[in-house]
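The values are calculated or read from the model by the stated rules, or taken from the named source; none is laboratory data. Quantities reported herein were computed from a predicted structural model and do not represent experimental measurements. All Cβ positions, glycine included, derive from the backbone under ideal geometry; neighbour counts span all protein chains shown. With ligands, DNA and RNA removed, areas are computed over all heavy atoms of the protein, side chains included. Shrake-Rupley method; radii C 1.70, N 1.55, O 1.52, S 1.80 Å.
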Amino acid sequence: MPHARIVLWLNLTLRSARGLCRARFMEGQPQGPPDPAAMENGTKPSGEERPPEVQETTVTEGAAKIVFPSANEVFYNPVQEFNRDLTCAVITEFARIQLGAKGIQIKVPGEKDVQKVVVDLSEQEEDKAELKGGGNLTPEDQPRTAAVGDICKEGLRVLEGLAASGLRSIRFAQEVPGLRSVVANDASARAVDLMRHNVQLNDVAHLVQPSQADARMLMYQHQKLSERFDVIDLDPYGSPAPFLDAAVQAVSEGGEASLMRGKQALVYQCVGCGAFHLQRLGKASGASGGRVKFSAACGPPVAPECEHCGQRHQLGGPMWAEPLHDLDFVGRVLEAVSANPGRFHTSERIRGVLSVITEELPDVPLYYTLDQLSSAIHCNTPSLLQLRSALLHAGFRVSLSHACKNAVKTDAPSSALWDIMRCWEKECPVKRERLSETSPAFRILSVEPRLQANFTIRDDANPSSRQRGLKRFQANPEANWGPRPRARPGGKAAGEAMEERRRLLQNKRKEPDEDPAQRAARLKTFPCKRFKEGTCQRGDQCCYSHSPPTPKATAEATPADCPEAPSQNPLGPGGAAGPGID
C-alpha cells in the first residue's frame, strides 16, 4: 500500500519535494506557543487568560502585514524571512505540478503568461478553419486558471500546525496560487486570537481558517482519505520528531514506503580521525514478476578499531542514505525564482542555495570538512580548490554541500582521502616529535601514501555557483544572531531579557585585577633570563630579579606568601629568587 509523500526540510535542506514527499517539516527559529509552562512545542491546548491590551508592533513581509505584541519578539523572527520565501516558492511549484495534471494553470504575480506555440502549419491551418467556421470555445473548453487569493476547488489543502502569529499561512494565501484552504493551528489561545486579528487585517478569511488544537491530535483527526492535507508545515521550537507520525497519517497518499528499509543506514564514525562508513538496514533486489525482494543487511562495515588511526567507532542513525534532493524539482523552483526575482525579498539567496544543491553529489549523503581533516593530523589547511583538485586528479567525484561552506562531498574512500592529506603534509611538514605515538595524527602520518596526490588547480574544481559569485551561505544578519528564547507571556521582550542576562554574566569568570604592588613583588621572585645571558640593560628598573642565586639561598628560598611556611622571614635584599632557579 503506498504511503505518504513527505518533503522533509531540516536546516534548510530541500529533500525530494516532488518524488519523495508532500508534507514539509521545518526545524527553524522559534514560532511556537508562547507559554512553555502550559505546553510543550504546542502539543497541549492552552487555557491561559488573555492579558490586558499591550503595545503592538506591525511588520510587513512579502504581501502580508501582521501585528504582534511588542514585548514578545518570538512571534516574529526577521532572520527566517528567507525560510518563508523559500517555502512559498516550493509550494507554488508543487501546486503547478499537481494542478497542471488536472488541466489547471496557476497564475503567479510577476510571471509572464505562457503563450501557445504553433509547432506546425497543419495546426495553424486547423485554427484558421475553426475561426472561419465560426466555431467558439465552450466554457468547458476554456483553459482553467488559479490565481493568488482565489479559492481553487481542486487546489491544495495546507496545514500549518504551529502557526503562532499566522504569518506563514497568511503569506501562503496572499502569494501562492492554487490553494483550496489553509488551516492555521496553534495550541495557544493568545496565538489564535492574534491569528484571527491578522487574518482579518489581510482580508484572507475566505482561505485561512484559524484553529486552536493540539497539533498532533488535529493531524490524527484528519486520517480519513477525503480530509487529508496535501502540504503540512511544522515549525516547532526544537525537533519535529514528535509530530512525524501524526503528520504521515494526515498527509495525502502517493509515496514507496515498503522500500524504506533499503534506503536507511546506520553510521559508524571514528572518534579519532572522523572517517565514517554507512551500514544499510536492508537490501532490495529484483525478483520474478517484477517484484522486489528484501533481505537482511550484512555487516558491520568496520573493524572494532579504525583502520587509519586505531580509535574506536561511535554509532549513529538511522539516517536517510539515498539522494537528498529531487534535482528536477529543485531545478523547477530555481528556474521560477530566477525568472521572477522581484517576487521575493531573498531571491538572491534562494538562487544561491538552490544552485549549490544542483551541484551537490546526489548519492553521497555525508561530507568531511577542511578543518576536520587538517586538525586530525595537526597540519596547515589546504585551500578548498587544492583539495578538490587533488580528488579530481585522482579520478574521484567531489562537490560542496549547501549545509556547510567548508564541506567536501566525495565518493573517494576514506583511505584515498587520507593518502591525499598525507601528501599534503609532506609539503607542509608537521613536527613529529610533538605528536604522541598513540595519537590519531601519529598513526595516520606513520603510513606512507599509496596514492600520489596532485594539487595543481583544475578549472572544474571551482564550482559554477562560486564563479558567479552567488550568495550561497547565510551571513550573520545582525549582532548576537542565533535562536531566540521561548515566548514568555507578560515578560520582557526577548532582546531586552537577553541583554540583561549578558550584563549579569559578563566577566563572571574573569579573574579580578591584580594589585600592581603584588604583581611587582611576584615578578621579582623570578630570575631575569637576559641578566643571566648578560644582555639585560635595565638594571634596577627590570621587573625581574638580578640577584645571582646561591645553592644555600636556593635551598632556603621560599616565597613570603607560601602557605606551607608562614613563620619564615621574608627574603632579604640578597635572598634568592623564586622557584625554578638553576
Subject >> Options Gly274, Gly262, Gly238; residue that is in contact (Cβ under 8 Å) with a residue 24 or more places away in the chain, on the phi > 0 side of the Ramachandran plot and open to solvent by less than 20 Å² (accessible area, probe 1.4 Å) >> reply: Gly274
Subject >> Odd one out for Phe396 among (1) in a helix (DSSP H, G or I); (2) modelled with pLDDT of 95 or more; (3) not aliphatic (A, V, I, L, M) >> reply: (1)
Original post:
When residues of the range 156-193 are filtered for being in contact with a helix residue (DSSP H, G or I) (Cβ under 7 Å, 6 or more places away or on another chain) and open to solvent by 10 Å² or more (accessible area, probe 1.4 Å), how many remain?
Top reply: 1
Original post:
Restricting attention to the range 54-64, does a residue exist that is polar (S, T, N, Q), modelled with pLDDT under 80 and surrounded by 20 or more Cβ atoms within 10 Å (Cβ to Cβ)?
Top reply: no
Subject >> Residues of the range 453-468 satisfying the condition of being in a loop (DSSP other than H, G, I, E, B) and open to solvent by 60 Å² or more (accessible area, probe 1.4 Å) >> reply: Asn454, Thr456, Ile457, Arg458, Arg468
Original post:
Could you count how many residues in the range 172-211 are in a helix (DSSP H, G or I), within 21 Å of Gln105 (Cα to Cα) and out of contact with any Cys (no Cβ under 6 Å at 6 or more places or on another chain)?
Top reply: 3
Original post:
How many residues does the range 346-367 hold that are among the polar types (S, T, N, Q), open to solvent by less than 30 Å² (accessible area, probe 1.4 Å) and part of a helix (DSSP H, G or I)?
Top reply: 2
**OP:** Only residues that are loosely packed, with under 14 Cβ neighbours inside 10 Å and over 20 Å from Phe94 (Cβ atoms): list them for the range 320-343, please.
**Re:** Pro341, Gly342
